[in-house]
1. Give 184, 159 a once-over and let me know the one that is touching an Asp or Glu at 6+ places or on another chain (Cβ under 6 Å) and over 28 Å from residue 116 (Cβ atoms).
2. Take segment 219-228 and flag every residue that is crowded, with 21+ Cβ neighbours inside 10 Å and not in a loop (DSSP other than H, G, I, E, B).
3. Got at least one residue in segment 132-139 being within 26 Å of residue 229 (Cβ to Cβ), under 19 Å from the mean Cα position of the chain (by Cα) and open to solvent by less than 10 Å² (accessible area, probe 1.4 Å)?
4. What number of residues within segment 4-50 satisfy the criterion of being under 21 Å from residue 74 (Cα atoms) and assigned to a helix (DSSP H, G or I)?
5. Just one of (1) in a helix (DSSP H, G or I); (2) in contact with a Leu (Cβ under 6 Å, 6 or more places away or on another chain) trips up residue 163, so point out which.
6. Scan segment 183-218 residue by residue and report those that are open to solvent by 20 Å² or more (accessible area, probe 1.4 Å), of a type outside the set (A, V, I, L, M) and outside any strand (DSSP E or B).
7. Based on this model, can you work out whether residue 159 counts as in contact with a Lys or Arg (Cβ under 7 Å, 6 or more places away or on another chain), touching a residue at least 12 places away in the same chain (Cβ under 8 Å) and open to solvent by less than 30 Å² (accessible area, probe 1.4 Å)?
8. Taking segment 193-245, which residues are in contact with a Phe, Trp or Tyr (Cβ under 8 Å, 6 or more places away or on another chain) and farther than 25 Å from residue 75 by Cα?
Amino acid sequence: MSRDARWKALLEVLVERGRLDVEEAAAELSVSAATIRRDFDQLAEQQMLVRTRGGAVVHGVSYELPLRYKTARRASEKQRIAKAVADLIAPGEAVGLTGGTTTTEVARALAVRGDLTSGSPALTVVTNALNIANELAVRPQFKIVVTGGVARAQSYELVGPLADGVLGQITLDVAVLGVVSLDVTHGAAAHDEEEAAINRLLCERAERVVVAADSSKLGRRAFARICATESVDTLVTDSAAGTETVRAFEEAGVRVVTV
């Protein structure tokens, strides 16, 4: 296993559990304890974790794993979700895409759709995510609009008041949200309040709102609210979503698509 892959795996497990011992990590990744100690030391230097005696804990109370360190965990679910979301978008529409691993997969699914290979434009994509804009900019049939703002290292998203000037002048057919959590009572949310504010503006400018979220994000809460559940038209999630959870969203007026 390469160092990059090892670091990604370590950080994801650490985010899930909050604390990780050297011996435990070494056994899970089938490497030596010395290698894990070295990895922990180097990640601590980058302020990606806090070193403890015999292990490591997450950095800070509210921790968000930077996008560049997120692995392909739930990759198949995210790809299925992305394909289903892309199928909800009609040629010629104006689409808002927030940042995140699932919305990045949505962008990739749109890029390979056969009926979107030509048009004037085939799609208009408005995004505050630099990585999504970078991937789609090479598609000449897509019109790419990037908001202003200050880049967040964790998510590659542009945030802050500079984005208001762009978002205040446009209308969208659909906004596709990547979220940290979606709860029937508390709505959609993100870790960061500035990120949530930009995502909220995208929702407000859109005719319909689609949340792309794997089942692990349902029924959870996060710090910064994006929008209320009643603002969500469609939730696309994976088939592991519980029956009761799906029913609760449907009773709240959300169309639920499971894949």
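The values are calculated or read from the model by the stated rules, or taken from the named source; none is laboratory data. Everything numeric in this text was worked out from a predicted model, so none of it was measured. All Cβ positions, glycine included, derive from the backbone under ideal geometry; neighbour counts span all protein chains shown. For the accessible areas, the whole protein counts, side chains as well, though only heavy atoms, and no ligand, DNA or RNA atoms are used. Shrake-Rupley method; radii C 1.70, N 1.55, O 1.52, S 1.80 Å.
1. It is 159.
2. Residues satisfying the conditions are 226, 227.
3. Looking for residues that are within 26 Å of residue 229 (Cβ to Cβ), under 19 Å from the mean Cα position of the chain (by Cα) and open to solvent by less than 10 Å² (accessible area, probe 1.4 Å), one finds at least one in segment 132-139, hence yes.
4. 17
5. Just one mismatch for residue 163, condition (2).
6. Once the filter is applied, which keeps residues that are open to solvent by 20 Å² or more (accessible area, probe 1.4 Å), of a type outside the set (A, V, I, L, M) and outside any strand (DSSP E or B), segment 183-218 yields 185, 186, 191, 192, 193, 194, 200, 204, 205, 215, 216, 217.
7. yes
8. The answer is 193, 229.
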